[in-house]
Amino acid sequence: MQFKKLTDLALAGKRVLIRVDMNVPVKNGVIGDDTRIRASLPSIEHCLKAGASVILMTHLGRPTEGEPKPEDSLAPVAVRLSELLGKTVTVSDNWQAGLQLAAGDVVMLENVRLNKGEKKNNEELGRAYASLCDIFVNDAFGTAHRAEASTHAVAKFAPVACAGVLLAAELEALGKALQAPARPLVAIVAGSKVSTKLTILEALADKVDQLIVGGGIANTFLLAEGKTIGKSLAEADLVEEAKKVIAKIRARGGNVPLPSDVVCAGEFAETAAATLKNVAEVTADDMILDIGPQSAAELAAIVARAGTVVWNGPVGVFEFAQFSDGTRVLGEAIAKSPSFSIAGGGDTLAAIAKFGLTDDISYISTGGGAFLEFLEGKELPAVAILAERA
């Protein structure tokens, strides 16, 4: 897919409107984690260096359209961005009246989710955004799977529409991992529910050499293989679907390696006592909360031989120390592996940060839903419109 890149354009004297993803956790006006703000800096700094003025738009939280509340304001985000850029960034909630900007200025439009028609991809709102700029830049991969006024309609009507530094890097890394991967290609899809990731598992079964499942998803697959999982989280109604995924990948010479040993507890709690068991020993009262050391070592060996690893989801309840070893061992194996590794999704990134592996993963994706939809082979509307405009 071909699209224009911000880094290829002449920007001096231009007004550049950048859709960033600065949807950060804010509590009582304090930002909990500024990763997304820092991830947006390369595009902003590139524009400023080139002599442009910069207008930023982002969503924050889930406010009600047309009903602004103090906690929905981007003010704390602007304060943090001002510190990072070393210059004052203002927030405009009256931008429809026009913006007076000089080269080097940075202004943020107030939280786009407060604008009526934003989520419905309203064309009039898209035109209003587009009228502010000479160049529109989408740099918000995390929202690329949604067609909204600030990601899609605006790209239709802006004089020029292109991909920012972060978005272009995301698409390049994901393309490398899926379109022409170094083999074997190993995908790790874990998490509590099969239902939310079933279509992804089905799509990956056609592409990957090994499909590692973890968490509640692995429990459903264990059920499909006739194992007892006690009162573990699983979706019994999706056992047939799990069987199809296993059959599909085995027919291609691959496999879905399932745990041989597991860490169980009688309840889901931070204080729960952990018991290591062979899968065959799991009783009706057990809850599987992590994979055992033998299973973790087996997965680590698969990852060590991989050419490409795509990772979405922890394989156990890593937030509780006694159920975190499986995810830690797997994460450390990915970090040590010479493979090209790409990781995405909130829980995965939290686990990577917890175990200090951030610098050893080849590419960390900022998108959760967009990352999964790309894996599935779905078209991302906000990217498709950039290709159309190119």
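The values are calculated or read from the model by the stated rules, or taken from the named source; none is laboratory data. In this text the structure is predicted, and so the values were computed from the model without any measurement. Cβ atoms come from the backbone with ideal geometry, glycine included; neighbour counts cover every protein chain shown. With ligands, DNA and RNA removed, areas are computed over all heavy atoms of the protein, side chains included. Shrake-Rupley method; radii C 1.70, N 1.55, O 1.52, S 1.80 Å.
Taking the options 125, 178, name whichever one is open to solvent by 10 Å² or more (accessible area, probe 1.4 Å) and within 18 Å of residue 384 (Cβ to Cβ). Just a single option satisfies the conditions, and that option is 178.
Taking region 246-281, which residues are in a strand (DSSP E or B) and exposed (fewer than 13 other Cβ atoms within 10 Å of the Cβ)?
Of all residues in region 246-281, those in a strand (DSSP E or B) come to 255, 261-265, 275-278.
Residue satisfying the conditions is 278 alone.
So, residue 142, is that one touching a residue at least 60 places away in the same chain (Cβ under 8 Å), more than 19 Å from residue 47 (Cβ to Cβ), open to solvent by 10 Å² or more (accessible area, probe 1.4 Å) and of a type outside the set (A, V, I, L, M) or not? Taking the combined requirement at face value, the residue satisfies it. In this structure, is residue 295 at pLDDT 95 or above and assigned to a helix (DSSP H, G or I)? Taking the combined requirement at face value, the residue satisfies it. Taking the listed residues 172, 148, 124, the one that is within 20 Å of residue 40 (Cα to Cα) and without any contact (Cβ under 8 Å) to a residue 12 or more places away in the chain is 172, with no other qualifying. Among residues belonging to region 320-348 that are in contact (Cβ under 8 Å) with a residue 40 or more places away in the chain, out of contact with any helix residue (DSSP H, G or I) (no Cβ under 8 Å at 6 or more places or on another chain) and surrounded by fewer than 23 Cβ atoms within 10 Å (Cβ to Cβ), point out the one that is nearest to residue 188 (Cα to Cα). So, considering only residues that are in contact (Cβ under 8 Å) with a residue 40 or more places away in the chain, out of contact with any helix residue (DSSP H, G or I) (no Cβ under 8 Å at 6 or more places or on another chain) and surrounded by fewer than 23 Cβ atoms within 10 Å (Cβ to Cβ), the one nearest to residue 188 (Cα to Cα) is 347. For region 1-37, filtered to residues that are part of a helix (DSSP H, G or I), modelled with pLDDT of 95 or more and not hydrophobic (A, V, I, L, M, F, W, C), the residue that is surrounded by the most Cβ atoms within 10 Å (Cβ to Cβ) is 7. Given the structure, is residue 226 farther than 30 Å from residue 5 by Cβ and either in contact with a Gly (Cβ under 8 Å, 6 or more places away or on another chain) or open to solvent by 40 Å² or more (accessible area, probe 1.4 Å) (or both)? Judged against the criteria, residue 226 is a match.
Within region 271-284, residues that are over 23 Å from residue 321 (Cβ atoms) sit with their Cβ atoms under 7 Å from residues that are not basic (Lys, Arg), at 6+ positions apart or across chains, in these pairs: 283/230; 284/230.
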